[in-house]
Each structure stands twice: as structure tokens, then as C-alpha cells.
Amino acid sequence: MDSNFEKRFVLSVLVENHAGVLSRVAGLFSRRGYNIDSLTVGETHTPGQSRMTIVVRGNEYILEQIEKQLAKLLEVIAIRHCTPSQTVMREMALIKVAAPADKRAGVIETANIFRAHIVDVAVDSVVIEATGSEEKIESLITLLDSFGIMELVRTGLTAMSRGENVL
């Protein structure tokens, strides 16, 4: 593989859950000039631990450097590079779409096709919650754009190993 070839990597990082950990992880990336495409963080079922899903772009060398630098942080418990074939990856989006009476049925039908849920209804808009692969979310956004997206927020990627593997 060409060492200059840039691709996307997903890292799952188990960390101690206390003040300043997120800042130290983000600082590590910024000090080295690595951009984070997406970062999600949440508590795990184990008290005192959080899990970060970090999406970065680069080559194999950059991935190796990121993993080495993360491993040096005292709060980092475990790191796993998530390969698509061995990982479940999902994203969630909330999409506020213009939905006046004459367009509402089309908006709802589009949401239903993607198994998305209407979570709020107003006079001239609806809020749709969609969960799935990044490709599914992108496709839904593309179709809803014709109705008029008023507001959009995405969580970023969250990932977990398939099968018996645990972090």
C-alpha cells in the first residue's frame, strides 16, 4: 500500500471516566496536526469507564503513531482499530424538515422507508430520528433535502466489535 494513501480509520478507545480525559485525547490529535472526523464519547456499563469512538483520516503510519500516542496516556485502558468487516458501526441523526400539510405525507413516507421515526411534530415541520450506517443517513438526508431541511444534527460514528470480542 502506498504510504501516502489517505484512508479512514475508526478507533475504539476505552478510557477512565474523569475530568480532563477528553481534553487530553483531543489535545494529542491537535498537537500533532491530525484532524478528527468524528468523536463520540459515552459511559460504559463499567463504573468509572467511558468509551470513545474516534474517526480519523491518514495512512498506516499515521494510524500507528496515533495508537502509540494514545497508549501513552495514563487514562487510556485499551485501544482497538475497528475494521468494517468485524465491527458494527452506527450513527444517529435528528433532522428537522419543513412539512406543511401538503408535503407532510411525503416526508413521513420517506422517513418510513428508512425506518426512521418522527419524534416531534409542529404545524409546519417534523423532527425525524434516524439510526443506521453512515450511508443510510446520507441517503435519507439527500431525499429529505428536496422537502427542505431546516436543521440537522448527527452524533458521529459509534462502533463495537462483532461477536465475542470485547474491548
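All of the numbers you see were taken from the coordinates with simple rules; none came from a lab. Bear in mind the structure is a predicted one, so any value in this text is a computation, not a measurement. Because the Cβ atoms are built from the backbone with ideal geometry, glycine has one as well, and the counts that use them run over all protein chains shown.
Being assigned to a strand (DSSP E or B) and either in contact with a Ser or Thr (Cβ under 8 Å, 6 or more places away or on another chain) or free of Cβ contacts under 8 Å to residues at least 60 places away in the same chain (or both) is not true of V25. In a residue-by-residue description of the stretch 101-109, the property of being within 23 Å of T155 (Cα to Cα) and more than 20 Å from the chain's Cα centre (by Cα) applies to at least one position. Taking the condition of being of a type outside the set (A, V, I, L, M) and more than 20 Å from V41 (Cα to Cα), how many residues in the stretch 69-119 meet it? Residues in the stretch 69-119 being of a type outside the set (A, V, I, L, M) and more than 20 Å from V41 (Cα to Cα): 14 in total.
For the stretch 32-46, the criterion of a residue being out of contact with any Lys or Arg (no Cβ under 7 Å at 6 or more places or on another chain), touching a residue at least 24 places away in the same chain (Cβ under 8 Å), surrounded by 13 or more Cβ atoms within 10 Å (Cβ to Cβ) and not in a strand (DSSP E or B) is satisfied by at least one position. Being of a type outside the set (G, A, S) and touching a strand residue (DSSP E or B) at 6+ places or on another chain (Cβ under 6 Å) is the filter here; which residues of the stretch 63-80 pass it? Hits for the stretch 63-80 are L63, E67, L70, E75, V76, I77, I79, R80. Of the strands (runs of 3 or more DSSP E) lying entirely inside the stretch 80-132, the ones with 1 or more residues being closer than 23 Å to N165 by Cα and in contact (Cβ under 8 Å) with a residue 60 or more places away in the chain are found at 87-98.
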